[in-house]
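Let me begin by presenting the structure, written as structure tokens, before commenting on it.
The values are calculated or read from the model by the stated rules, or taken from the named source; none is laboratory data. What you see is a predicted model, and the numbers here were worked out from it, not measured in a lab. Reconstructed Cβ throughout: ideal geometry from the backbone, glycine too, with neighbour counts over all protein chains shown. Each accessible area value is taken on the protein alone, full model and side chains, heavy atoms only, with ligands, DNA and RNA left out. Shrake-Rupley method; radii C 1.70, N 1.55, O 1.52, S 1.80 Å.
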Amino acid sequence: MLMIDHLSRRCGAVTRRNFLRVGTLAFGGLTIADLLRLKALAGPNRPRAKSAVLIHLSGGPSHVDTYDMKPLAPVEYRGEFSPIRTNVPGMEICELMPMQARIADKFAILRGAQIANLHTGNMFYSGFPWQESPRASVPGEARRPALGSIVSRLRPGEKDIPSYVSIENQFDWERAYYAGVEHEPFRVGGSSPREAIDNMGRHKDVSALRMNDRHGLLQDLDAARRELELGEAARGIDRFRQRALDIVTSARVRTAFDLDQESPEARAAYGEGPFRHGPHPGRSLLLARRLIEAGVSVVTVGVHNWDTHRSNFQTLRELLPALDRALYALITDLADRGLLDDVVIVMGGEFGRTPRIGDQTPDGRSHWPEAGILWVAGDGLKTGQVLGATDARGEAVIGSPISMKNVLATVYRVLGIDPSVTIPDHNGRPQSILDDRTPLSALL
């Protein structure tokens with residue numbers, strides 16, 4: 001896995017980080033993480049494959065305060081917000097999301113979703129809940145690769161463009177496992193766009209010829225140890241190194257990650273700017289659009305601080321308008337660029353929040369895995385509709401719950417990947433991409 005240093009420090013992955021770092025021997029101070037941040041660059045004129053953006057609202061958003069409101073429920077359930085109409089008759093959403101209300105025909109709401117039971121993004125990104133934490137793991141089972149790693153392995157793109165980029169996500173929520181180390185996501189942490197760009201280029205004191213000499217020396221030194229000690233893992237690391245060289249010597253570098261390439265008006269449309277709850281969702285989604293436009297197949301985005309045990313309504317008054325503006329900008333921007341039908345977008349969290357108010361504070365909501373919401377858009381899907389339902393208080397699913405596996409099966413279908421395909425795990429046993437491979441036909 002390849003990480004900008006901010007994220008590797010935050011997640012405590014010192015051993016893995018040091019193992020994957022190329023370091024000064026290879027590139028005169030340019031690390032493998034620096035190199036791989038360049039990978040999201042592509043030429044403007046090539047056939048476009050389908051792509052996906054997965055947005056994880058980390059902490060678990062309150063379904064009854066956003067997309068599954070219960071205005072007729074008792075006051076201790078319905079909360080402080082009111083629903084508003086959208087441009088789709090019969091579809092209502094929270095009053096704090098008026099911009100999305102204008103484009104509701106371009107997304108679908110999935111109510112009664114059951115995603116995870118713990119604070120984790122593993123189920124959201126892979127479809128397998130048992131790997132949520134060591135407490136929930138099944139002994140003897142192979143941990144399953146994230147969707148982005150599967151796409152990277154089965155649908156490789158150009159050698160100097162990453163298939164899979166992860167923005168602001170928890171380290172262990174997206175892993176390649178037996179899909180291969182070279183299919184780990186390229187991780188973008190909390191560095192500012194300008195700092196990231198400044199760290200991307202070849203060191204000014206290292207000429208291209210000198211860099212090639214260092215690369216040859218490194219290959220010679222590594223050859224014997226690679227076969228004797230590290231086997232397939234080392235060969236995967238070596239493939240990373242070669243791809244990094246392809247990038248740093250290419251003329252197609254730097255642009256995709258450089259948000260300064262965007263006009264002030266475009267950045268303002270996403271709401272990119274200071275944000276007290278961490279990295280601004282507008283900045284992350286603007287970067288996601290640039291990466292998709294550059295040719296990245298799968299971009300995942302983590303949006304944090306949705307765990308509202310305390311001050312649920314005060315927190316949502318700050319979180320929802322920023323998310324509303326960012327989503328509106330992403331959808332309209334993709335549509336204006338003729339890209340919306342080439343991208344499938346999925347947004348959700350771990351679970352919903354307790355319908356009855358009053359957890360750690362009088363206005364807090366706790367975890368509610370019995371019901372939650374998902375939000376989907378793009379790629380010619382049948383949008384402008386609501387699928388699934390919960391009861392009058394938002395506590396129980398009416399009918400069958402919506403499974404994350406069925407949602408990911410839908411995404412795989414859009415991307416042209418058969419989820420019944422198997423990949424051998426580390427023990428050589430064939431593992432299916434998904435064990436429930438039925439897509440949501442109402443979206444197709």
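Taking the numbered list (1) surrounded by 23 or more Cβ atoms within 10 Å (Cβ to Cβ); (2) closer than 18 Å to residue 404 by Cβ in turn, residue 367 passes all entries but (1).
When the range 108-125 is filtered for residues that are at pLDDT 95 or above and either surrounded by 24 or more Cβ atoms within 10 Å (Cβ to Cβ) or hydroxyl-bearing (Ser, Thr, Tyr) (or both), the ones remaining, listed by number, are 109, 110, 112, 113, 124, 125. Picking from residues in the range 147-161 that are open to solvent by less than 10 Å² (accessible area, probe 1.4 Å) and among the aliphatic types (A, V, I, L, M), the one that is nearest to residue 179 (Cα to Cα) is 150.
If you go through the range 83-99 and keep only what is out of contact with any Phe, Trp or Tyr (no Cβ under 6 Å at 6 or more places or on another chain) and open to solvent by less than 60 Å² (accessible area, probe 1.4 Å), you end up with 83, 84, 86, 88, 91, 96, 97. Kindly evaluate residue 356 against the criterion of being without any contact (Cβ under 8 Å) to a residue 60 or more places away in the chain, open to solvent by 40 Å² or more (accessible area, probe 1.4 Å) and either out of contact with any strand residue (DSSP E or B) (no Cβ under 8 Å at 6 or more places or on another chain) or of a type outside the set (Val, Ile, Thr) (or both). Considered against the rule, which asks whether it is without any contact (Cβ under 8 Å) to a residue 60 or more places away in the chain, open to solvent by 40 Å² or more (accessible area, probe 1.4 Å) and either out of contact with any strand residue (DSSP E or B) (no Cβ under 8 Å at 6 or more places or on another chain) or of a type outside the set (Val, Ile, Thr) (or both), residue 356 comes out as no. Residues in the range 45-78 that are surrounded by 22 or more Cβ atoms within 10 Å (Cβ to Cβ) and either within 30 Å of residue 158 (Cα to Cα) or at pLDDT below 95 (or both): 51, 52, 53, 54, 55, 56. Of the strands (runs of 3 or more DSSP E) that lie entirely inside the range 315-416, those containing 1 or more residues that are more than 21 Å from residue 301 (Cβ to Cβ) span 385-387.
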